Amino acid sequence: MGNARARDRRVYLGSHPVLFALLAATRRWPVLRIGRTLIVHDREAYLAALTRIPLDRTAAGTTGGAVDRLAGTGGLFDQHGDAHRRTRRDVADGLGAAGVERLRPAWTKLIDERLAPLGTGGTVDLVPLAAEIAGSTAAALLDLDVDPIALAAAAQEAGATAARGHLPGIGRRRAAREAERAAERLINLLGNAPAGSGLAATLAVAAVNTTVAALPRAAAWACGDGALWAYAGEAALADELLRVTAPTPLLPRVAADGGDLGGCPVRAGDRMLLIARHAADAHRLDPDPARPAPARTAQLVFGAGPHACPGARLARLQLSDFLAALAPHRPVVVRARADRRSALPGWRSLIVRATEFGGDSA
């Protein structure tokens, strides 16, 4: 288990070292104020921030702000009241049980085809496979006839440049210009998306970047702890690996009104860095499918209340299918390289080789 956690730690040290240092240095405080920024580690305070504090969904430096700058109006985050609820309802319907089953062939076919070399002693890089899965799923969700690899690449670039454009520093203006150019390329690729370019960009950026971060990291953890393969295909394993890897470890939000978090006053305009990784005990409790964390805790990596991610069902099933296909091969990692430019902590390359051959990956 130590090998699995040590490898996953390399993702942060290699791709987001400043973020990892910030999380490690401040986690002793449930809620810490630094100027106009509150860093929220405590689980109850994290929940309160998402369910009791009114949020400015399009403020600079937030997910909504990045999407608003990326795609212009029409995205999920720049709507309010009935329009916001109606759009969320439509998205949730598309990602409900029936919708996810409709999308499922988009990734199962790819998984079966791309993992075939493992059965004959070959190697597979799981990162480009995850990107192709993400692009194919996003295209199917948005009802788009586009090259899934091109869609995934555009959404990854848009997400990464938008994130860098909101970071302080001397290169911020250049990063903002790069984000605008990446946004233009993505929107041109989306064309006349039935959902509208703003919403389509929102969903594509979110779905692609989280999938490309989540699938390889979860697989790498399982490769480092071979005992987990016995639970492949079970929902508990996917839940636990999503909890400990926390693909989106930090949720940046801005308060639209005042309140209180763990005894710390919140004022309108305060920035809140909500540490999903710590709220879900990812830093403390290793995955244990035999005794999984309570569902309420595992769900925190997807947010909470009206701000919960509508794609949670899809993410869990996709990961479960991915792990079930890998399990017969009992793969090991032969080479791994962290991605230093990604929007979320992730691998740039994760090459695996089977230790058992001839297994049925279907």
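Every number in this text was worked out from the coordinates using simple rules, so none of it is lab data. Just so it is clear, the model here is predicted, and its values are computed rather than measured. In this analysis, Cβ positions are derived from the backbone assuming ideal geometry, glycine residues included, and neighbour counts consider all displayed protein chains.
Which far-off residues, 5 or more places away or on another chain, put their amide H under 5 Å from the one on Leu261, with H placed in the peptide plane?
Val266
Can you run phi through the Karplus equation (6.51, -1.76, 1.60; θ = phi - 60°) for the range 21-29 and list ³J(HN,Hα) in whole Hz, with x for Gly and Pro?
Each residue's phi maps through the Karplus curve to give 5, 4, 5, 5, 6, 10, 6, 5, 9 Hz.
Label-point separation (nm) for Leu19 and Ile34, each offset 7 Å from Cα along Cα-to-Cβ?
1.5
Give the order of Ser136, Ser349 when sorted by the count of other beta carbons within 10 angstrom, beginning with the fewest.
Ascending Cβ contact count within 10 Å gives the list Ser349, Ser136.
Can you pull the one-decimal nm distance between simple spin-label points at Ala6 and Glu184, each 7 Å off the Cα toward Cβ?
4.8
Can you find, among Gly346, Leu300, Gly99, the residue sitting farthest towards the positive end of the charge dipole of the range 2-353, where Lys and Arg contribute +1 and Asp and Glu -1 at Cβ?
With unit charges placed on the Cβ atoms, the residue in question is Gly346.
Charges at C-beta only: +1 for Lys and Arg, -1 for Asp and Glu. How large is the resulting dipole of the range 2-353 about its Cα centre, in Debye rounded to 20?
1180
Contour minus end-to-end for Ala227 and Glu356, with contour as 0.36 nm per residue of separation and end-to-end as the Cα-Cα distance?
So the extension gain works out to 45.0 nm.
What FRET efficiency do you get for Ala268 and Arg296 if R0 is 30 Å and r is their Cβ-Cβ distance, rounded to the nearest 0.05?
Efficiency at R0 = 30 Å is approximately 0.55.
Residue separation times 0.36 nm, minus the C-alpha to C-alpha distance between Arg313 and Arg174: what's the value?
Here the answer is 46.3 nm.
Mind listing the long-range amide H neighbours of Ala338? Cut-off is under 5 Å, sequence gap 5 or more, other chains count too, H placed in the peptide plane at 1.01 Å from N.
Arg348
Once amide H atoms are built 1.01 Å from N in the peptide plane, which residues 5 or more positions from Asp288, or in another chain, come under 5 Å H to H?
Close amide H contacts, sequence-distant or interchain: Ala293.
How much length would be gained if the chain were fully extended between Asn192 and Asp288, taking 0.36 nm per residue of separation minus their Cα-Cα distance, in nm to one decimal?
Separation in residues times 0.36 nm, less the Cα-Cα distance, equals 30.1 nm.
Using alpha-carbon positions, what is the distance between the centroids of the range 302-326 and the range 268-301, in Å?
14
I need the calculated FRET efficiency for the pair Asp260 and Arg337, taking r as the beta carbon distance and R₀ as 35 Å, to the nearest 0.05.
The value I calculate is 0.20.
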